Amino acid sequence: MLNFSSVLTLLVLFFVSPNVSAIDKVFPGNAKDVDIIIKSSISDDDDTICKSLVQTQGYACEEHKVTAKDGYILSVQRIPVGRSGKTASKPPVLLQHGLLVDAAAWLMNTPDESLGFILADNGFDVWLANTRGTKYSRGHTSLSSNDSAYWEWSWDELVQYDLSALVQYVQYKTGQKLHYVGHSLGTLIALAAFSEQGKLINMFKSAALLSPIAHLNQIPSQLTKVAAQLHIAEVRSLSISFSSVNFNLFYSDSDVLGPILEKICNEPGTNCSELMTALTGPFPSIARYKSLTSMAGELLKHEPQPTATKNIIHLSQMIRTGTIAMYDYGSEDENKEHYGQSDPPAYNMKNIPTELPLFLGYGGQDMLADANDVKALLNDLKDYDNGELVEVYSEEYAHADFVLGVNASKVVYDPMISFFDIHSS
């Protein structure tokens with residue numbers, strides 16, 4: 001039976017240095033305005049995603065490190081071949097996980113049910129990203145993850161630095177343009193980057209966005225809305241007795257989350273009797289998952305992962321205001337200091353180039369990427385030609401199904417792979 005701590009960690013789960021063999025300073029492609037330091041390595045450490053989740057399934061796996069322009073050192077896993085051992089014949093695919101998880105989320109089910117393995121077995125060169133701050137991406141050129149300054153970032157920095165570094169790295173190592181798969185927060189950072197129409201977009205063949213997060217003002221989850229409305233000062237006052245708490249780091253530990261969730265659940269109009277369902281939609285459905293107990297146990301070996309408090313605040317701002325914009329520092333003066341204007345600059349989804357093929361998968365039971373919000377995003381993309389924008393909608397799917405559903409291969413991944421094949425030339 002799951003204990004209280006396990007329930008708490010599952011609740012927040014979907015809310016949302018190795019030996020270096022080579023170091024190069026590179027300016028891949030035509031993006032010479034972004035420096036990345038590339039560190040390729042095969043790790044001997046037993047505590048890696050490759051050794052714990054990939055090689056145990058009979059797949060070759062490589063551990064890589066990429067240092068972004070602002071000093072964060074990111075862990076990347078590569079599955080270069082499928083179980084057959086044949087060299088990948090198709091382009092690279094970069095998989096970017098969502099909030100409070102890491103690349104392990106793509107590998108939790110059997111090889112026939114997990115997207116990371118399915119893509120490798122279908123001939124793609126698979127690259128698994130791990131966002132800054134997660135267990136295997138805790139490095140920095142000058143900061144410790146114990147430093148408050150280490151956690152001074154939101155998803156703006158994931159757009160500006162992490163995604164840029166990862167995409168350039170994969171192109172540099174493979175010499176090819178790549179396909180992209182994002183889930184939840186992994187879709188938001190991609191959409192924001194695409195809307196900026198920078199040089200990075202020329203490195204993509206296509207992008208698949210699962211449970212896409214952009215517009216968030218129609219979220220039906222009352223719990224999520226209440227959480228977003230809580231001012232961070234209230235959250236801090238709730239945990240004032242925890243003297244060791246670093247408030248720049250968003251903890252996924254029950255000692256810190258317990259009082260916060262108690263505050264949320266006591267707000268008028270909230271019902272915490274079914275916490276996971278209330279936040280993200282039904283999770284999990286026995287019809288679509290392995291045993292709930294075994295799935296939860298496996299998840300808790302690897303997840304949840306921490307993130308920056310500033311990142312959570314930024315997402316809350318989107319829910320409260322209904323805008324897709326950069327982080328709001330809370331005053332006109334501070335915003336002017338950072339942006340040269342009183343309001344944070346907006347990410348305009350209508351600016352996404354229609355030449356970039358997009359695949360969108362969304363579900364009718366998703367309480368975070370609500371179908372009405374996804375339809376608002378689709379309206380922003382209405383200038384796309386037929387075939388360049390593909391939608392897959394499943395009425396029964398909730399937020400986690402697109403990563404953990406055992407029938408996702410049939411419902412989502414098969415049509416996505418067909419989409420990639422069409423756009424692989």
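The values are calculated or read from the model by the stated rules, or taken from the named source; none is laboratory data. Not measured: the values here are computed from a predicted model. Don't worry about glycine lacking a Cβ; one is built from the backbone with ideal geometry, like all the others, and counts go over all protein chains shown. Heavy atoms of the whole protein, side chains included, go into the accessibility calculation; ligands, DNA and RNA do not. Shrake-Rupley method; radii C 1.70, N 1.55, O 1.52, S 1.80 Å.
Please name all residue pairs, on different chains or six or more residues apart, with Cβ atoms under 6 Å, provided the first residue is in the stretch 342-369 and is aromatic (F, W, Y) and the second residue is open to solvent by less than 10 Å² (accessible area, probe 1.4 Å) and assigned to a loop (DSSP other than H, G, I, E, B).
Y362/A369
If we keep just the residues of the stretch 164-188 that are open to solvent by less than 10 Å² (accessible area, probe 1.4 Å) and among the β-branched types (V, I, T), which is nearest to the chain's Cα centre (by Cα)?
Looking only at the stretch 164-188, we keep the residues that are open to solvent by less than 10 Å² (accessible area, probe 1.4 Å), and these are 165-170, 178-184, 186-188.
If we keep only those that are among the β-branched types (V, I, T) as well, we get 167, 170, 181, 187.
On the way: V167: 14, V170: 17, V181: 10, T187: 7 Å.
Ranking the candidates gives T187 first.
Please specify each residue of the stretch 83-104 satisfying the condition of being farther than 21 Å from Q168 by Cα and open to solvent by 10 Å² or more (accessible area, probe 1.4 Å). Even if it seems obvious, please write down each step before you answer.
Kept after step one, since they are farther than 21 Å from Q168 by Cα, are these residues of the stretch 83-104: 83-87, 99-101, 104.
Once the filter is applied, which keeps residues that are farther than 21 Å from Q168 by Cα and open to solvent by 10 Å² or more (accessible area, probe 1.4 Å), the stretch 83-104 yields R83, S84, G85, K86, T87.
Give the residue, chosen from A60, A68, that is surrounded by 24 or more Cβ atoms within 10 Å (Cβ to Cβ), over 15 Å from K173 (Cα atoms), at pLDDT 95 or above and small (G, A, S). Spell out the reasoning first.
Working: A60 fails: surrounded by 24 or more Cβ atoms within 10 Å (Cβ to Cβ).
A68 is the lone residue from the list that is surrounded by 24 or more Cβ atoms within 10 Å (Cβ to Cβ), over 15 Å from K173 (Cα atoms), at pLDDT 95 or above and small (G, A, S).
Right, L119: open to solvent by less than 30 Å² (accessible area, probe 1.4 Å), of a type outside the set (D, E), under 19 Å from L210 (Cβ atoms) and not in a loop (DSSP other than H, G, I, E, B) or not?
Details: open to solvent by less than 30 Å² (accessible area, probe 1.4 Å): yes; of a type outside the set (D, E): yes; under 19 Å from L210 (Cβ atoms): yes; not in a loop (DSSP other than H, G, I, E, B): yes.
Against the criterion (open to solvent by less than 30 Å² (accessible area, probe 1.4 Å), of a type outside the set (D, E), under 19 Å from L210 (Cβ atoms) and not in a loop (DSSP other than H, G, I, E, B)), L119 qualifies.
Collect the residues in the stretch 73-89 that are assigned to a loop (DSSP other than H, G, I, E, B) and among the basic types (K, R), keeping them in residue-number order. If you could, list the steps in order and put the result at the bottom.
Initial filter on the stretch 73-89 (assigned to a loop (DSSP other than H, G, I, E, B)): 80, 82-86, 88-89.
Across the stretch 73-89, the qualifying residues are R83, K86.
So, restricting to helices (runs of 4 or more DSSP H) that lie completely within the stretch 309-425, which ones have at least 2 residues that are more than 22 Å from the chain's Cα centre (by Cα) and closer than 24 Å to E113 by Cβ?
On the way: elements: 309-321, 332-339, 371-380, 401-404, 414-422.
Because the criterion is at least 2 residues that are more than 22 Å from the chain's Cα centre (by Cα) and closer than 24 Å to E113 by Cβ, the helices (runs of 4 or more DSSP H) in the stretch 309-425 that meet it are 414-422.
Restricting attention to the stretch 77-94, and to residues there that are modelled with pLDDT under 95 and in contact with a helix residue (DSSP H, G or I) (Cβ under 9 Å, 6 or more places away or on another chain), which single residue is farthest from K51 (Cα to Cα)? It would help to see each step written out before you state the result.
As a first pass, look at the stretch 77-94 and keep what is modelled with pLDDT under 95: 83-89.
Filter once more, so that each one left must be in contact with a helix residue (DSSP H, G or I) (Cβ under 9 Å, 6 or more places away or on another chain): 83-84, 88.
Numbers: R83: 15, S84: 19, A88: 21 Å.
Among those that are modelled with pLDDT under 95 and in contact with a helix residue (DSSP H, G or I) (Cβ under 9 Å, 6 or more places away or on another chain), it is A88.
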